[in-house]
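Data first, discussion second: the structure below is written as structure tokens.
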Amino acid sequence: MRRKLRLATFFAMLVILAMPAIAQDVIKIGTIFPRSGANAMLGEQAFRGADLARRFVNEAGGVKGKQIQFVNADAPTPQAAVTEAERLISKEGAKVLIGSLTSGNALSIASVTERSGAILWETSGISDDVTNKGFTSVFRTCDAGSLRGQSAVMLAYDSIAALLGIPANGLRVAIIYENSSYGTSQYNGAMAEMKRRNMKFVFANGYLSSGTDQTSLVLQVKQAKPDVLIHVGYINDVQLIANGLRGYKAAPKVLIGGGAGYTDPQFQVGQQTFANGVIGIDMPSNIDPNLLKNEKDRAISKQFRDRYRAEYGESPSLAAEVVFLGSYVLLNNVLPAATDMSVESIKKAALSINVPETINGWAVRFDSATGQNIGATAVAYQWQEGQKQIVWPSNLKSADFKYLPLSW
């Protein structure tokens, strides 16, 4: 009996002694997305993108011979994001958190990483505040909201005015936007760009996306009689307002959506043929791999799409692709460039990289003052005969931009 006890103790000691060595063979990275609640579908798609990036890197040998291990969190709300970010850092030992899908969650997580000495690797929350609040440990691989607002105005000025036969400075432009940091960032970018171009602004108003009656807002748009309406919203309020614009015969000549609701496949499902001609400004996604210059990027793009379809039975969404892209840059480019896995070494490595091309056409190079990827750009999609086509800029387009009068 004593001999068995001694043997059991001996083997237990071996396991304990081996644990540090095992732990040293992995690099822990936290992920935090809304995988339950209102954004659960997109949150799950986002996580899939991150996890495929992890598996791609691990299958290629990992980072300096070590495998990447994810510790995961579900954050359906900004409040939950705070709690879960604290847990991942303090209890799981994660020094880098990949997130966040929504801007509200991103801002909440950034406040935690800032005071905890960790890094938020933001792949998908676009509010300008994420990189303009002075956080010292945030790196964002995707575009900023104000850039989308600027892009909407640039498209109106450079292309739409001529198609309408109206002088660019004579275009009547109105903006409505859901008034969280997501919508406000795009509104600010659009207004700044209109001021720079001396364009004619006729109406602007923010609203709560949770509102169930937007009749007053629709009637204000009708009274303003814009040639171009820029509308930033999520899918539910976008459907509500689109129905209202049609019902009250308040539709503009051209409708430009600020991502989210207007590029969501559910917009076309809800509006059917009425979606035809509507434009959405968003991140590039599912671009033709032949448009990529680098053969390796073309191969990664194909591999990502094929694996995603094989494992999940559907094509990768925009959320899945943009999170894969951002996560892959972290795991494949940044971590291997770090001298060690300390926060300061990872930050230094992030600021040193210059990735000329990724699977959606973006370059990745971080601004040293803000942590924003200055290589991220927006594109214009247009719904054409039930299909979402990239029509601007020309180097990424899948179809020509057309003036398709709204049948509203």
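Only the coordinates and a few stated rules stand behind these numbers; no lab work does. No experiment lies behind these values; they were computed from the predicted model shown. When we count neighbours, we look across all protein chains shown, and the Cβ atoms used for this are built from the backbone with ideal geometry, even at glycine.
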Simple spin-label estimate for residue 210 and residue 26 in nanometres, 7 Å along Cα-Cβ:
3.8
Test of understanding: what is the full-extension gain from residue 188 to residue 353, defined as 0.36 nm times their sequence separation minus their Cα-Cα distance?
56.4 nm
Once phi is turned into θ = phi - 60°, what whole-Hz ³J(HN,Hα) does the Karplus curve with 6.51, -1.76 and 1.60 give for every residue of the range 116-121, x standing for Gly and Pro?
9, x, 10, 10, 9, 9
Table column - 3J(HN,Hα) (Hz), the range 367-376, Karplus curve with 6.51, -1.76, 1.60, x for Gly and Pro
5, 5, 7, 10, x, 7, 6, 7, x, 7
Between the range 50-88 and the range 316-332, how many Å separate their Cα centres?
12
Nearest 10 degrees, 0 to 90: helix 145-155 Cα axis against the chain principal axis
40
Remind me, relative contact order of the chain in percent, using alpha carbon pairs under 8 angstrom and six or more residues apart?
16
Virtual spin-label span in nm between residue 311 and residue 369, 7 Å along Cα→Cβ
3.9
Tell me the relative contact order for the range 117-261 as a rounded percent, counting alpha carbon contacts under 8 Å between residues six or more apart.
22
With Cα coordinates, the longest principal axis of the chain makes an angle with the long axis of helix 343-352, in degrees rounded to 10, of 50
Please determine, in degrees from 0 to 90 and to the nearest 10, the orientation of helix 215-224 with respect to the longest principal axis defined by the Cα atoms of the chain, where the helix direction is its Cα long axis.
50
Principal axis box of the range 212-296, alpha-carbon based, largest edge first, Å:
52, 24, 20
Most fluctuating of 149, 371, 61 in the GNM of the chain (C-alpha, under 10 Å) is 61
For residue 60 and residue 243, extending 7 Å from Cα along the Cα-Cβ vector and measuring point to point gives, in nm, a value of 4.7
Share of Cα-Cα pairs in the chain beyond 37 Å, in percent?
26
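What value, in deg cm²/dmol to 500, does the helix sum -39500 (n - 2.57) over DSSP H runs of n ≥ 4 give at 222 nm once divided by the residues of the chain?
-13500 deg cm²/dmol
Using packing as a proxy for protection, rank 263-270, 339-346, 237-244 so that the peptide with the highest average count of other Cβ atoms within 10 Å comes first. Spell out each step's value before the answer.
On the way: 263-270: 17.5, 339-346: 14.2, 237-244: 21.9.
So the peptides 263-270, 339-346, 237-244, ranked by packing, come out 237-244, 263-270, 339-346.
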Hey, what did the range 186-253 get for relative contact order, percent, Cα under 8 Å, at least 6 apart?
36
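Counting every Cα pair in the range 52-102, what percent are over 17 Å apart?
Numbers: 568 of 1275 pairs.
That fraction is 45 percent.
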Provide the descending list of Cα extents for the range 72-126 along its principal axes, expressed in whole angstroms.
26, 18, 17
Going by how many other beta carbons lie within 10 Å of each one, how would you line up 222, 402, 293, 253, fewest first?
293, 402, 222, 253
